[in-house]
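Below is one structure, written out as structure tokens; the observations come after it.
The values are calculated or read from the model by the stated rules, or taken from the named source; none is laboratory data. Because the structure is a prediction, the values reported are computed rather than measured. Cβ coordinates were reconstructed from backbone atoms using ideal geometry, including for glycine residues, and neighbour counts include every protein chain displayed.
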Amino acid sequence: MNSIISGKAWKFGDNISTDHITPGRYFHLRSNLEELAKHVLEDADPSFSSKVKAGDIIVAGRNFGLGSSREHAPRVIKIAGVSCIVAKSFARIFYRNSFNIGLPLLVSNTEEIDEGDNLKIDLEEGKIEDETKGKILTFSPLSPFMRKLIEDGGIEEHVKKHGDFKIK
């Protein structure tokens, strides 16, 4: 598995809710996630969906993903091309929903990262290299199982490939 993620940082603040991620006025698009992804994070940054590129990384403050348990919130972020989210903290259900669909979330101090910085993240080593500033940040490395879940594309694809989970 390639444990390295590289991309441009898109910076958001604290308390980005699932309503910011998937605005309620687009509720009618919940069965058309490709179309809904065209409006991802529109209420936090109206031009985000037109600027984000495949592989880019969202960087945020505290409590990213708070609010409802909308499973489509992390899905549309992933469909928009985001490869990873780094934040000071995440809402618990958003955190779980993201890993369930194969979107890695990393908890780290994000204060020194600016929008536009180029980041190189090593999921195995727990390091974020801000290539723009020449700084290294850390996070708790993902367990081998969580990296495998990400590699497989989420829990559904993991079970299709490997069968049901066995707890030892």
Please verify whether Gly13 is modelled with pLDDT of 95 or more, under 17 Å from the mean Cα position of the chain (by Cα) and in a loop (DSSP other than H, G, I, E, B), treating the condition exactly as stated. yes
From Ala44, Ala37, which residue is under 16 Å from the mean Cα position of the chain (by Cα), among the small types (Gly, Ala, Ser) and over 27 Å from Thr132 (Cα atoms)? Ala37
Within the range 37-63, restricting to residues that are part of a loop (DSSP other than H, G, I, E, B) and among the polar types (S, T, N, Q), the one that is surrounded by the fewest Cβ atoms within 10 Å (Cβ to Cβ) is Ser47
Mind checking which residues of the range 16-31 are modelled with pLDDT of 95 or more and in a loop (DSSP other than H, G, I, E, B)? Ile16
Go through the range 64-76 residue by residue and tally those that are part of a loop (DSSP other than H, G, I, E, B) and either among the hydrophobic types (A, V, I, L, M, F, W, C) or touching a strand residue (DSSP E or B) at 6+ places or on another chain (Cβ under 7 Å) (or both). 2
Wholly enclosed strands (runs of 3 or more DSSP E) of the range 77-168 bearing at least 2 residues polar (S, T, N, Q): none
In this structure, is Gly7 closer than 30 Å to Phe145 by Cβ, of a type in the set (Gly, Ala, Ser), touching a residue at least 12 places away in the same chain (Cβ under 8 Å) and crowded, with 16+ Cβ neighbours inside 10 Å? yes
Of those in the range 119-146 that are more than 22 Å from Pro74 (Cα to Cα) and polar (S, T, N, Q), the residue farthest from the chain's Cα centre (by Cα) is Thr132
